[in-house]
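Read the structure below first, then the notes.
The values are calculated or read from the model by the stated rules, or taken from the named source; none is laboratory data. Predicted model only: the values in this text are computed from it and were never measured. Don't worry about glycine lacking a Cβ; one is built from the backbone with ideal geometry, like all the others, and counts go over all protein chains shown. We work out accessible area using only protein heavy atoms, side chains counted, and drop any ligands, DNA or RNA first. Shrake-Rupley method; radii C 1.70, N 1.55, O 1.52, S 1.80 Å.
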Amino acid sequence: MIDSFTSPTDTELAAAAALAGAEVVRARYGRPHSRIDKGSGDFATDVDLAAEQAILDVIRAARPGDAVHGEEGGRQGAADAEREWLVDPLCGTLNYAVGSRLVAVNVVLRNGPAAVADPFSGEVFLTDGETARVRSGAEGNERRLAPAADTRLVDVNLDPPFPSAPGFRAVDLLGHPGFVENFRPRVVSTTLALAWVAAGKRAAYVTDGGDLSGSVHFAAGIALCRAAGCVVTGIDGAPVGPGGRGLVVAADAGTHELLMAMIGVRGQGS
């Protein structure tokens, strides 16, 4: 909760907003919900909309001059606002719609602090841009995040689109002999997996795509993983940013090197 008589830091605001959205997601889990078709088999639910509104309410109360770009509502606020929040109120909508609890709520100030909330564990993963930690329990206990590749579990996003095909298809990575020898695949279809890499619960995360640095789905997780000390690049090994290609986030350099050798995608200039 935010004390209305004090001005929260951006980090605390990101955490409070993500937790507000997570509370809506948790409270409405298992109840009937309506769907809003977004085309190409994608959809939102009334829970996505309600969670986004809860997040917006928290941000607007503390930072009325900031713009907010939500997955469902698009960009709102002054066109010339110097600060913009990126919001994904329910990452893993399809999971949620079929009764799976593998979902996340992502809130990040563009190029600033970020938070990823797990509605069902009660954890919120947060970063001020320099350090990364996880807060849990009613007492708000915190610990620093420590990436580790010990689990050998690698989450691979198999959701479309696949802009790098045929040069790279995530599904082909799962059948690569080197992948089978070194890792065990997981497919959770939510960017909660990025927080798990930062926390040492996953060795790595791989997804195709374009520039994901400004994505409402990925920006918070990228910020969290960078602050935790993970290796973060595109699938071509280049930095994540304008002109980027997808995402490879690994707990350590060795894991990243192994995955890049299997992926085999090279930069456009090579």
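What to note about this one:
- Test: residue in region 63-78 that is within 14 Å of Thr11 (Cα to Cα) and not acidic (Asp, Glu): yes
- Within region 29-60, being touching a Phe, Trp or Tyr at 6+ places or on another chain (Cβ under 9 Å) and part of a loop (DSSP other than H, G, I, E, B) holds for Tyr29, His33.
- Positions within region 27-54 being touching a Lys or Arg at 6+ places or on another chain (Cβ under 9 Å) and either surrounded by fewer than 12 Cβ atoms within 10 Å (Cβ to Cβ) or not hydroxyl-bearing (Ser, Thr, Tyr) (or both), in sequence order: Phe43, Ala44, Asp46, Val47, Ala50, Ala51
- Checked against (1) without any contact (Cβ under 8 Å) to a residue 60 or more places away in the chain; (2) within 22 Å of the chain's Cα centre (by Cα); (3) within 19 Å of Cys91 (Cα to Cα), Arg31 passes all but condition (2).
- Pairing residues of region 48-64 that are without any contact (Cβ under 8 Å) to a residue 12 or more places away in the chain with residues that are open to solvent by 40 Å² or more (accessible area, probe 1.4 Å) and in a loop (DSSP other than H, G, I, E, B), at Cβ distances under 8 Å and at least 6 apart in sequence or on separate chains, gives no pairs at all.
- Applying the condition of being in contact with an Asp or Glu (Cβ under 9 Å, 6 or more places away or on another chain) and open to solvent by 70 Å² or more (accessible area, probe 1.4 Å) to region 168-186 and asking which residue is nearest to Phe125 (Cα to Cα) yields Arg186.
- Just so you know, in region 96-129 the residues that are polar (S, T, N, Q) and under 15 Å from the mean Cα position of the chain (by Cα) include one that is surrounded by the most Cβ atoms within 10 Å (Cβ to Cβ), and it is Asn106.
- Top-ranked residue of region 133-167 - restricted to ones that are assigned to a strand (DSSP E or B) and under 21 Å from Gly234 (Cα atoms), ranked as most open to solvent (accessible area, probe 1.4 Å): Leu153
- Residues in region 63-94 that are open to solvent by 30 Å² or more (accessible area, probe 1.4 Å) and part of a helix (DSSP H, G or I): 1 in all.
- Test: Glu23 is farther than 21 Å from Val188 by Cβ, acidic (Asp, Glu) and crowded, with 20+ Cβ neighbours inside 10 Å: no
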